[in-house]
Amino acid sequence: MRGQPTAAEFKLWEAIRNRKLNGFRFRRQHAVGRFIVDFYCADAKLAVEVDGQIHEKRREEDDARDVFLQSRGLRVMRFANQQVEIELDSVLGEVAEALNLRTESP
């Protein structure tokens, strides 16, 4: 998937790469255990997933995946492709808020 991101993934990556979002470094397509998360910020222990239509049919799998990631101390944020494409500023605001909350906590 790294070579062929969805339009929404590409758009979000362009907005957060190279420390563009409040100076935080994100990795794209990062392995956490047996899973690969779309975007990962190690400093904030934050995983950001961009979900397409297929995820509507995989809710149980996604829930189990989220439980696993949370057991590793990660916060998981999920956004629909359409939300990223249409409301990018809102998505970035939510991610920025989560980054700040995670780094301010002891």
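FYI, it's all coordinate maths here, none of it is from the lab. All values derive from a computational prediction rather than experimental measurement. No Cβ is skipped: glycine too gets one built from the backbone with ideal geometry, and neighbour counts run over all protein chains shown.
Consider the stretch 49-93 and keep the residues that are more than 27 Å from Gly23 (Cβ to Cβ) and touching a helix residue (DSSP H, G or I) at 6+ places or on another chain (Cβ under 7 Å). The one that is surrounded by the fewest Cβ atoms within 10 Å (Cβ to Cβ) is Gly52. Within the stretch 16-48, if we keep just the residues that are more than 20 Å from Gly93 (Cβ to Cβ) and charged (D, E, K, R), the residue that is surrounded by the fewest Cβ atoms within 10 Å (Cβ to Cβ) turns out to be Arg34. Looking across the stretch 13-45, the residues that are among the small types (Gly, Ala, Ser) and free of Cβ contacts under 8 Å to residues at least 40 places away in the same chain come down to Gly23, Ala31, Gly33, Ala42. Out of the residues in the stretch 83-98 meeting the condition of being among the small types (Gly, Ala, Ser) and in contact (Cβ under 8 Å) with a residue 12 or more places away in the chain, tell me which one is nearest to Leu46 (Cα to Cα). Per the stated criteria, the residue is Ala98. Would you confirm whether any residue within the stretch 4-12 is outside any loop (DSSP other than H, G, I, E, B), touching a residue at least 60 places away in the same chain (Cβ under 8 Å) and farther than 23 Å from Glu97 by Cβ? There is at least one residue in the stretch 4-12 that is outside any loop (DSSP other than H, G, I, E, B), touching a residue at least 60 places away in the same chain (Cβ under 8 Å) and farther than 23 Å from Glu97 by Cβ.
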